[in-house]
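Everything below concerns the one structure shown next.
All of the numbers you see were taken from the coordinates with simple rules; none came from a lab. Because the structure is predicted, anything quoted here is derived from the model rather than measured. Using ideal geometry, Cβ is built from the backbone for each residue, glycine included, and neighbour counts are taken over all protein chains shown.
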Amino acid sequence: MIRLPALSVLAPGSLEEAVEMLATHREAVVVGGGTDLVPNIKRRQVGPGVLVSVMGLPGMSGIRREADGGVAVGALTVLRDVADSMEIPDAVREAARSVASPQIRNVATIGGNLCADTRCSFINATEEWRAAAGPCLKAGGDVCWVAPKGSQCWAVSSSDLAPAAIVVGAAVSLVGPGGVRSIPVADLYRADGMDHVVKERNEIITGVAIPPQDGWRSTYLKLRRRQAVDFPILGVAAAVRLDGGDVVSAARLALGAVSPAPIRVPGAEAYLEGKRLVPEVIAAAAELGARAVRPFDNTDLGSRYRKWMTPIFISRALERLAAPA
């Protein structure tokens with residue numbers, strides 16, 4: 001059993017107190033359900049001396065239908081509730097349902113999953129294994145073992161909800177010393193495996209806002225070695241708005257687990273507009289989408305297999321959306 005190192009855990013009574021604790025303790029990090037952070041601490045991937053637990057804060061969980069038809073989701077809402085709620089768009093519900101196991105979904109939160117750390121077979125290993133191989137960039141070294149000639153960390157995005165939230169147009173609210181701000185989920189990520197979210201260290205995600213989905217249909221598909229528990233090695237989220245029957249008037253397509261950040265594929269999205277989701281259109285859009293993907297050998301299945309599966313999963317997602325409601 002890998003044990004946790006010595007830690008201090010702080011339990012603020014309010015959001016304002018939590019922000020103040022993060023500002024006071026420079027080594028502190030926020031913890032909610034802890035299903036991603038705690039294993040990373042055990043493997044000594046991260047070493048915060050202080051955890052600021054926000055799980056007891058009032059008003060940060062729950063799902064509420066807004067007056068305009070949108071949905072507000074508290075950042076501490078557990079994935080079980082997200083997966084079970086008919087207020088939530090299909091892509092987000094399906095992504096939440098695909099995460100880990102029922103036991104983990106009972107604890108893991110939507111805010112935590114959106115900020116889940118990037119993963120790589122070179123960093124997500126035991127401390128002894130990393131010491132034998134030599135430290136990579138993310139472990140304090142000076143080389144990325146995935147792309148040794150470069151200077152960037154290529155650990156991949158491991159959030160299932162990120163691509164799903166992107167295609168439904170969701171935004172997150174953050175609170176920090178500078179006040180409150182809202183940013184689209186599509187702008188939450190940067191292509192850097194070491195620093196993959198634009199959220200500041202002393203900011204806290206408080207909620208997720210999903211706009212009205214009038215006319216939109218969405219779905220999420222996940223590739224993994226096993227059909228439970230495992231992190232994605234490819235995630236495909238797709239959404240289309242069908243006007244005039246079965247003609248696509250707008251499309252969104254986001255791919256996860258192939259880059260340090262989820263990626264949009266605007267070429268495939270533009271191609272779908274004005275067309276019906278017939279087999280030849282779906283096949284062409286899938287090939288366009290796959291061109292944007294260059295997986296590395298940094299997950300538990302090889303890059304060639306993931307590249308080969310990308311157009312297949314895009315096709316399956318679009319076929320779902322083409323099927324009768």
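Close amide H pairs (under 5 Å, H built 1.01 Å from N) link residue 206 with 173, 174, 175, residues at least 5 positions away or on another chain.
For the chain, modelled as a GNM whose springs connect Cα atoms under 10 angstrom apart, the maximal fluctuation among 81, 300, 214 occurs at 214.
Tell me, 282, 183 in order of fewest to most beta-carbon neighbours within 10 Å?
Fewest to most other Cβ atoms nearby, the residues stand as 183, 282.
The phi torsions of segment 211-222, fed into the Karplus equation with coefficients 6.51, -1.76 and 1.60 and a -60° offset, translate into couplings of x, x, 9, 4, x, 8, 10, 9, 7, 9, 10, 10 Hz, rounded to whole numbers, with Gly and Pro shown as x. Using just its DSSP H runs of length 4 or more, each adding -39500 (n - 2.57), the chain gives a mean residue ellipticity at 222 nm of -8000 deg cm²/dmol after division by all residues. Checking every one of the trypsin sites (Lys or Arg not before Pro) in segment 189-219 against DSSP loop status and a limit of 14 other Cβ atoms within 10 Å picks out 190, 201. Using Cα springs under 10 Å in a Gaussian network model of the chain, which residue among 264, 26, 43 shows the largest mean-square fluctuation? It is 26. Kirkwood analysis of the Cα pair distances in segment 1-58 returns a hydrodynamic radius of 11.7 Å.
Along segment 310-315 the Karplus relation, 6.51 cos²θ - 1.76 cosθ + 1.60 evaluated at θ = phi - 60°, assigns HN-Hα couplings of 4, x, 5, 6, 5, 4 Hz to successive residues, with x for each Gly and Pro. Within the shell defined by Cβ-Cβ distances under 11 Å, the residues around residue 86 carry a net charge of -1, with Lys and Arg each +1 and Asp and Glu each -1. Collect residues whose amide H, placed 1.01 Å from N in the peptide plane, falls under 5 Å from the amide H of residue 143; neighbours closer than 5 in sequence don't count. HN-HN under 5 Å from residue 143: 137. Along the positive direction of the dipole of the chain (beta-carbon charges: Lys, Arg +1; Asp, Glu -1; about the Cα centre), which of 242, 32, 315 reaches farthest? Highest projection toward the positive end goes to 315. All Cα-Cα distances of segment 155-261, cut into 5 Å bins from zero to the largest, leave 2, 12, 19, 20, 18, 15, 9, 4, 1, 0 percent in each bin in turn.
Computed from backbone phi, the HN-Hα couplings of segment 50-63 come to 9, 10, 9, 7, 9, 4, x, 6, x, x, 10, 9, x, 10 Hz, rounded to whole numbers (Karplus: 6.51 cos²θ - 1.76 cosθ + 1.60, θ = phi - 60°; Gly and Pro given as x).
Rounded, prolate or oblate: which fits the chain, taking a ≥ b ≥ c as square roots of the Cα gyration tensor eigenvalues, rounded meaning a/c under 1.5, else prolate when a/b beats b/c? Here the chain falls in the oblate category.
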